[in-house]
Amino acid sequence: MTTLAPVKPPDQERAFVPRILVFSTNNISDPGIDLAGSSHMTYSPGVVVISMPCTSGIRPSWILHAIEGGFDGVFIASDGDECAYLSDCSTRASRIVAQAQALLQQGGHQPQRLKMAAICSVCAEPFTRHVQQFGQALAELGRSAVAS
Amino acid sequence: MTDYDVLVVGAGIGGMESALKLGDMGYRVLLVEKEASVGGKMILLSKVFPTLDCASCISTPKMAASIHHPNVTTLTYSEVGGITRGSAGRFQAKVTRKARFVNETTCTGCQLCETACTVAVPDQFNADMIQRRAAYIAFPQAVPKKAVIERAGSSPCSYTCPAGIQAHGYVSLIRSGEYEKAFQLVLDATPLVGTLGRACYAPCELECTRGSIEGPLPIRRLKRFIADIHYDKFDGPGIEIPEPNGHKVAIVGTGPAGLTAAWQLARKGYGVKMFEAAPKAGGFLRLAIPAYRLPSEIVEQDIANVTALGVEIATSAPVQDLDSLHEEGYEAVLLATGTPLSTKLGVPGDELDGVLSGVAFLRAVKLGEGIDLADQRVVVIGGGNVAMDTARTARRLGAREVTVVYRRTRSEMPAHHVEADDTEKEGVRFVFQAAPVAVLDDGRGATRGLRCSRMAPAKAGASGRSRPEPVPGSEFEIACEVIIGAIGMAPDTDGFSAQVRTNPNGTLAVDPETLQSGSAWLFAAGDVVSGASDITRATGQGQRAAHMIDRWIRGLQLDGFDLRLPVVDKDQVLARQKAYRLAVPLDPSEVLSAAPTDFREVELPMTEAEAHRGAGLCLDCGVCSECGECVDACPVDDCIDLRARDQVLDVEVGAVVVATGFKLFAADLKPEYGYGTFKNVISGTQMDRLLAPTRPFNTILRPGDGKVPERIAYVLCTGSRDETVGNPLCSRFCCMYSIKQNQLIMGALPIADVTVHYMDIRAPGKRYDEFYEQAKAMGANYVKGRVARITEKENGDLVLRYEDIEHGGGLVEAEYDLVVLAVGVQPNSDAQALFPEGDLAVDEFRYVAETDEDANPGQTSIPGVYVAGAASGAKDIADSILHAGSTVAQVAAYLEHAKVPA
């Protein structure tokens, strides 16, 4: 696996803005997230989105890698039951989340650093709400063990 | 030929449902959609009734599935035509994959092209309420999320430009404030930006669609504007010098054809040397066109573009021997020597002192040979642009009296009409329908006057144009000291006859496509080939010659020069928008004097504000302006290719499902409601867009002034149950979508009053009537009675007149901020066009006929062809899905039955 680009060391003077990696899906959650931007809704500048075809394609190790690479949290914007590929996408995704949380714990990270919610193709408002709440929760947790 | 079990035409909810279910059954399905995304009308809706579920959330999984399903092949931006029945009961169809100009495989959907695009057109996915770019992704939920560049054809200005300049492109770049990019776009065609910005006769402006409104855009002056800005900042072209490719080309002649060819070849890395017989380079640009139209510095700036790329220009270097030039190592030689010779007057006395040729006169003036015409009387003979240039130059050299003598009428003058008008404004006298008979000798070998004869038009000769005949006994004299003949120009090609054949008029006979002569290494371009023409034509030929020489040297076939799309239909352009505002045409800003005394430029430069206003008038006829911004912005190599063209696929299928859906009633067909005229009268579709999660303004507002409406009226049955528009049918879902919108509006704007003017509320079916009651309980007001007329107040508010049936039947007027017309359904005639043999029957309302509607829904008049969804008549979403389901069952039965041995 390739290493992540180095994340700039946080500026201690400024308020802590948690860095959140979002996994979205090409056809369902990504348009919803895109809509948040094109509707000029506000969400944290610390959010970075990677789009992929299907939530169930995420590997638990990627999440550990993200946290160890300097992200404070990972948010999976899943297809829920709307996946175009797999009718059991949600079941698979929840298994991946459980495995990833176990990996995080083994690595000495709080499992709360991973969150998943279903985001639909026009769920711009729910998305911004989710990342805002997640950001607050992460701020309370503090910087991830690696970054601080 | 590609084989499928079923062809489904149209990827709205009915088509997608049919394709997915047939795919699930194991049939191989080809789903074809004409728009850039699947999803049809449903994906654009706000919510669905009566559940108020999000339409997008229901559609997107089906949309995504339709392009990922292993048994379904989906082609978007494609159109089906010509479905015919072939052998063994199967069908042949042609599918046109319209050029997207974007590689569907490598496009990442990043939208950088959309951001860079300089053209905005009405957004059909937002019911024309806002604009989208020519390079666009249909909407945020589009599947596939791939960009399309819409090109309706070539814009008339760009198409008509003989010099091959993307006129529309540089206009749209100027509109975006990208002046240097606009300059570079012109440089792609020719180095003569400043020159053409002044001296071109602008055939583009004659073709401008805006010309039929209040007048064409000032396309030429916009080019001058960008040239002036560029030359203020740079001395040369402002591009990198290309790597030499090791090949050498010689060009004879440095007029517009030669300079353009040299520029094009040098940009490709050729070592180019130019040979000019005159002491200055530039041909007629430098030696004929007077400085008040085209200052010499401008020509020199343009020539500096060419020399900046390393092109050598030898002046006072006439070429005598083409063969030895070729032997010196120039792999190709281009002749672009123009038409330097003048036609003699051919009347007695034309050898006297004081008789000159126009070309020689203009050249002497431009070379500063100190000609003084103070107090002289000058007669200019001829009606072309050279005659006008000559007459105006003579005025500036102090001539007391200048007379133009022309043998035909004013309207027949070949000179550009603006030139002729300006000539007259500068105090030049015209004598029409007169021709010289003899130059009069003052007895000392000089001129004392010109004897002329009146001319009468004669019958059209073989050339099609009438040849004037002298009127007997009509001779008269004009006293003058100087006579300048400007009656024609000819090439000087005697020296080249060994290598290239000449025509009787002295022009060179080369292949008109390739410009190649009988000697393969020798090409010719410009006026030496075409006879005297104009700068743009010569420029275009220079470009063509460079293209062909490059291909010849590289050993390629001599073709591929003209890549224009067919020109767009102007009526189609004007139909794109509902109304155009008349704009005040820009002032031409010419400073003309009745007695000009110097060679200062007569035309003033444009201000930046004028340039913006001028460019802003563009109607974007071809949609894409070919400005090339998207190509530069795209992060993927070779993803955008404006040379792409439509492709036609031949397919063979076992059955066809027609799912072409419906059209919405065009509400402007009921003029009493003012749709299209009153800005605050909108359609139900537009209201649905205002309410949708992907809505254009992120709130509900009225389009006229952006005010948030407080009093909103609905007019139901607009275009439905209405014999006056030829539609007696109920559209079945307008009541329900209006009720849905009522509830959503009351949710979004709690203080808004919603009133619905209805004939009957049709809310049959499970939870539909309850939905209606719910809207009433929320506070929507339902008023029975058809609206007769809507009028608009000055502040944009609207007055509805209706008969209040429930309260005594009196005429009532009510005022609203916003009126929503609940438009109904119209049949989509696209369905019939699919079958060129005309055998797809339609019912009396022109919907696709279901021949056995009660027993076998979905079956059409053609065995093996089925209809799904609203193509067979108005259906809401739930009914469309149901209907598609029954059609799928029919198709499956048909396909299975066909397998049973007879």
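The values are calculated or read from the model by the stated rules, or taken from the named source; none is laboratory data. Quick caveat: nothing in here was measured; it's all calculated off a predicted structure. FYI the Cβ positions are ideal-geometry reconstructions off the backbone, even for glycines, and counts take in every protein chain you see. Only protein heavy atoms, including side chains, enter the accessible area calculation; ligands, DNA and RNA are left aside. Shrake-Rupley method; radii C 1.70, N 1.55, O 1.52, S 1.80 Å.
Considering segment B:62-87 alone, what residues qualify as being at the interface with chain A (Cβ under 8 Å from one of its Cβ atoms) and free of Cβ contacts under 8 Å to residues at least 24 places away in the same chain?
If the condition is that a residue be at the interface with chain A (Cβ under 8 Å from one of its Cβ atoms) and free of Cβ contacts under 8 Å to residues at least 24 places away in the same chain, then B:His68 is the only one that fits.
Among the numbered conditions (1) out of contact with any Leu (no Cβ under 9 Å at 6 or more places or on another chain); (2) closer than 30 Å to B:Asp128 by Cβ; (3) among the hydrophobic types (A, V, I, L, M, F, W, C); (4) open to solvent by less than 40 Å² (accessible area, probe 1.4 Å), tell me where B:Ala609 comes up short.
(4)
Enumerate the pairs (first residue in segment B:820-831 and closer than 16 Å to B:Ala849 by Cβ and open to solvent by 40 Å² or more (accessible area, probe 1.4 Å); second residue anywhere and among the polar types (S, T, N, Q) and at pLDDT 95 or above) with beta-carbon separation below 6 Å, excluding pairs fewer than 6 apart on the same chain, so at least 6 apart or on different chains.
Qualifying pairs under 6 Å: B:Asp830/B:Thr660.
Go through (1) modelled with pLDDT of 90 or more; (2) part of a loop (DSSP other than H, G, I, E, B); (3) not basic (Lys, Arg) for A:His65 and report which single condition fails.
(2) is the only condition that A:His65 fails.
Scan segment B:199-230 residue by residue and report those that are surrounded by fewer than 23 Cβ atoms within 10 Å (Cβ to Cβ), over 16 Å from the mean Cα position of the chain (by Cα), part of a helix (DSSP H, G or I) and at pLDDT below 95.
The answer is none; no residue qualifies.
Of everything in segment B:645-673, what is small (Gly, Ala, Ser) and either touching a Leu at 6+ places or on another chain (Cβ under 7 Å) or modelled with pLDDT of 95 or more (or both)? Give them in sequence order. Even if it seems obvious, please write down each step before you answer.
In the first step, residues of segment B:645-673 are kept if they are small (Gly, Ala, Ser); the result is B:654-655, B:659, B:661, B:666-667.
Result: B:Gly654, B:Ala655, B:Ala659, B:Gly661, B:Ala667.
Suppose we keep only residues that are over 26 Å from B:Gln826 (Cβ atoms) and not in a helix (DSSP H, G or I) within segment B:862-902. Which one would you say is least open to solvent (accessible area, probe 1.4 Å)?
This residue is B:Gly864.
Sort out which residues of segment A:56-76 are within 14 Å of chain B (Cβ to nearest Cβ) and without any contact (Cβ under 8 Å) to a residue 40 or more places away in the chain, and write them in order of number. Working first, answer last.
Here is the first cut: in segment A:56-76, the residues within 14 Å of chain B (Cβ to nearest Cβ) are A:56-57.
Selection gives A:Gly57 alone.
How many residues are more than 20 Å from B:Ser56 (Cβ to Cβ), surrounded by fewer than 24 Cβ atoms within 10 Å (Cβ to Cβ) and not basic (Lys, Arg) if we restrict to segment A:52-70? Steps first, answer last, please.
Step one: list which residues in segment A:52-70 are more than 20 Å from B:Ser56 (Cβ to Cβ), which gives A:52, A:56-70.
Going one step further and asking which of them are surrounded by fewer than 24 Cβ atoms within 10 Å (Cβ to Cβ), we end up with A:52, A:56-62, A:64-65, A:68-70.
Applying the additional criterion that residues be not basic (Lys, Arg) yields A:52, A:56-58, A:60-62, A:64-65, A:68-70.
Number of matching residues: 12.
Restricting the search to segment B:88-145, which residues are in a helix (DSSP H, G or I) and touching a helix residue (DSSP H, G or I) at 6+ places or on another chain (Cβ under 9 Å)?
First pass over segment B:88-145, keeping only residues in a helix (DSSP H, G or I): B:88-89, B:112-116, B:124-126.
Those that are in a helix (DSSP H, G or I) and touching a helix residue (DSSP H, G or I) at 6+ places or on another chain (Cβ under 9 Å): B:Ala88, B:Gly89, B:Leu112, B:Cys113, B:Glu114, B:Thr115, B:Ala116, B:Phe125, B:Asn126.
For residues in segment B:700-739 being open to solvent by less than 50 Å² (accessible area, probe 1.4 Å) and β-branched (Val, Ile, Thr), which is farthest from the other protein chains (Cβ to nearest Cβ)?
It comes out as B:Val725.
B:Thr536: in a loop (DSSP other than H, G, I, E, B), within 30 Å of B:Val386 (Cα to Cα) and of a type in the set (Ser, Thr, Tyr), yes or no? Break it down into steps so the answer makes sense when it comes.
Numbers: in a loop (DSSP other than H, G, I, E, B): no; within 30 Å of B:Val386 (Cα to Cα): yes; of a type in the set (Ser, Thr, Tyr): yes.
Considered against the rule, which asks whether it is in a loop (DSSP other than H, G, I, E, B), within 30 Å of B:Val386 (Cα to Cα) and of a type in the set (Ser, Thr, Tyr), B:Thr536 comes out as no.
Just to be sure before I move on: is B:Gly109 of a type outside the set (A, V, I, L, M, F, W, C), under 20 Å from B:Leu30 (Cα atoms) and surrounded by fewer than 21 Cβ atoms within 10 Å (Cβ to Cβ) in the structure I sent?
no
If you scan segment A:19-51, which residues turn out to be at the interface with chain B (Cβ under 10 Å from one of its Cβ atoms) and open to solvent by 60 Å² or more (accessible area, probe 1.4 Å)?
Listed by number, the residues that qualify are A:Asn26, A:Ser38, A:His40, A:Met41.
Would you mind stating whether B:Gly354 is in contact with a helix residue (DSSP H, G or I) (Cβ under 8 Å, 6 or more places away or on another chain), within 21 Å of B:Ile487 (Cα to Cα) and surrounded by 17 or more Cβ atoms within 10 Å (Cβ to Cβ)? Quick ask: steps written out before the conclusion?
On the way: in contact with a helix residue (DSSP H, G or I) (Cβ under 8 Å, 6 or more places away or on another chain): no; within 21 Å of B:Ile487 (Cα to Cα): yes; surrounded by 17 or more Cβ atoms within 10 Å (Cβ to Cβ): yes.
No: the conditions fail for B:Gly354.
Can you work out which of the residues in segment B:38-61 that are within 10 Å of another protein chain (Cβ to nearest Cβ) and not polar (S, T, N, Q) is most open to solvent (accessible area, probe 1.4 Å)?
Looking only at segment B:38-61, we keep the residues that are within 10 Å of another protein chain (Cβ to nearest Cβ), and these are B:43, B:46, B:54-61.
Keeping just the survivors that are not polar (S, T, N, Q) gives B:43, B:54-55, B:57-58, B:61.
Working: B:Ile43: 7, B:Cys54: 23, B:Ala55: 0, B:Cys57: 24, B:Ile58: 65, B:Pro61: 27 Å².
By that ranking, first place goes to B:Ile58.
Can you tell me which of (1) polar (S, T, N, Q); (2) within 14 Å of another protein chain (Cβ to nearest Cβ); (3) open to solvent by 30 Å² or more (accessible area, probe 1.4 Å) is the one B:Thr160 doesn't meet?
Among (1) polar (S, T, N, Q); (2) within 14 Å of another protein chain (Cβ to nearest Cβ); (3) open to solvent by 30 Å² or more (accessible area, probe 1.4 Å), B:Thr160 violates only (2).
Tell me which of these B:Tyr159 doesn't satisfy, since it passes every other one: (1) farther than 30 Å from B:Tyr580 by Cβ; (2) part of a helix (DSSP H, G or I).
Result: B:Tyr159 passes all but (1).
Kindly establish whether B:Ala152 is within 14 Å of chain A (Cβ to nearest Cβ) and among the small types (Gly, Ala, Ser).
Details: within 14 Å of chain A (Cβ to nearest Cβ): no; among the small types (Gly, Ala, Ser): yes.
No.
I'm trying to understand the selection: among the residues of segment B:1-37, which are of a type outside the set (Gly, Ala, Ser), under 37 Å from the mean Cα position of the chain (by Cα) and crowded, with 20+ Cβ neighbours inside 10 Å?
Residues of segment B:1-37 that are of a type outside the set (Gly, Ala, Ser), as a first pass: B:1-9, B:13, B:16-17, B:20-22, B:24-25, B:27-35.
Then drop every residue that is not under 37 Å from the mean Cα position of the chain (by Cα), which leaves B:1-2, B:7-9, B:13, B:16, B:29-35.
Within segment B:1-37, B:Leu7, B:Val8, B:Val9, B:Ile13, B:Met16, B:Val29, B:Leu30, B:Leu31, B:Val32, B:Glu33 meet the criteria.
Give me the residue from segment B:366-384 that is farther than 22 Å from B:Ala479 by Cβ and in contact (Cβ under 8 Å) with a residue 40 or more places away in the chain and, out of that set, surrounded by the fewest Cβ atoms within 10 Å (Cβ to Cβ).
Taking segment B:366-384 as the starting set, the residues that turn out to be farther than 22 Å from B:Ala479 by Cβ are B:366-370, B:384.
This time we only want the ones that are in contact (Cβ under 8 Å) with a residue 40 or more places away in the chain, so: B:366-367, B:384.
Details: B:Lys366: 24, B:Leu367: 14, B:Gly384: 20.
So, considering only residues that are farther than 22 Å from B:Ala479 by Cβ and in contact (Cβ under 8 Å) with a residue 40 or more places away in the chain, the one surrounded by the fewest Cβ atoms within 10 Å (Cβ to Cβ) is B:Leu367.
When the residues of segment B:113-145 are narrowed to those that are out of contact with any Pro (no Cβ under 9 Å at 6 or more places or on another chain), within 14 Å of chain A (Cβ to nearest Cβ) and over 16 Å from B:Ile43 (Cβ atoms), which ends up surrounded by the most Cβ atoms within 10 Å (Cβ to Cβ)?
So, considering only residues that are out of contact with any Pro (no Cβ under 9 Å at 6 or more places or on another chain), within 14 Å of chain A (Cβ to nearest Cβ) and over 16 Å from B:Ile43 (Cβ atoms), the one surrounded by the most Cβ atoms within 10 Å (Cβ to Cβ) is B:Arg133.
Determine whether segment A:97-114 contains at least one residue that is under 30 Å from B:Phe139 (Cα atoms) and buried (at least 21 other Cβ atoms within 10 Å of the Cβ).
Initially, segment A:97-114 is screened for residues under 30 Å from B:Phe139 (Cα atoms), giving none.
No, that holds for no residue.
All but one of (1) of a type in the set (Val, Ile, Thr); (2) under 15 Å from B:Leu287 (Cβ atoms); (3) assigned to a helix (DSSP H, G or I) hold for B:Ile371; which doesn't?
(3)
Any idea which residue in segment B:532-568 is surrounded by the fewest Cβ atoms within 10 Å (Cβ to Cβ), counting only those that are among the acidic types (Asp, Glu) and at pLDDT below 95? Walk me through it before giving the result.
To start, the set of residues in segment B:532-568 that are among the acidic types (Asp, Glu) comprises B:534, B:550, B:559, B:562.
Still in the running and at pLDDT below 95: B:534, B:559, B:562.
Values: B:Asp534: 19, B:Asp559: 11, B:Asp562: 9.
Result: B:Asp562.
Given (1) modelled with pLDDT under 95; (2) under 45 Å from the mean Cα position of the chain (by Cα); (3) among the small types (Gly, Ala, Ser), where does B:Ser738 come up short, assuming only one miss?
Among (1) modelled with pLDDT under 95; (2) under 45 Å from the mean Cα position of the chain (by Cα); (3) among the small types (Gly, Ala, Ser), B:Ser738 violates only (1).
Just the residues that are part of a loop (DSSP other than H, G, I, E, B), at pLDDT 80 or above and of a type outside the set (Ser, Thr, Tyr), please, taken from segment A:1-45. Walk me through it before giving the result.
Filtering segment A:1-45 for residues part of a loop (DSSP other than H, G, I, E, B) gives A:1-19, A:26-28, A:39-45.
When the remaining residues are screened for being at pLDDT 80 or above, the result is A:16-19, A:26-28, A:39-45.
Passing the criteria: A:Phe16, A:Val17, A:Pro18, A:Arg19, A:Asn26, A:Asn27, A:Ile28, A:His40, A:Met41, A:Pro45.
Hey, among B:Ala655, B:Ala633, B:Ala667, B:Ala644, which residue is of a type in the set (Gly, Ala, Ser), touching a helix residue (DSSP H, G or I) at 6+ places or on another chain (Cβ under 8 Å) and open to solvent by 20 Å² or more (accessible area, probe 1.4 Å)? Before you say what the answer is, go through the steps one by one.
Values: B:Ala655 fails: open to solvent by 20 Å² or more (accessible area, probe 1.4 Å); B:Ala667 fails: open to solvent by 20 Å² or more (accessible area, probe 1.4 Å); B:Ala644 fails: touching a helix residue (DSSP H, G or I) at 6+ places or on another chain (Cβ under 8 Å).
Selected residue: B:Ala633, the only one of B:Ala655, B:Ala633, B:Ala667, B:Ala644 that is of a type in the set (Gly, Ala, Ser), touching a helix residue (DSSP H, G or I) at 6+ places or on another chain (Cβ under 8 Å) and open to solvent by 20 Å² or more (accessible area, probe 1.4 Å).
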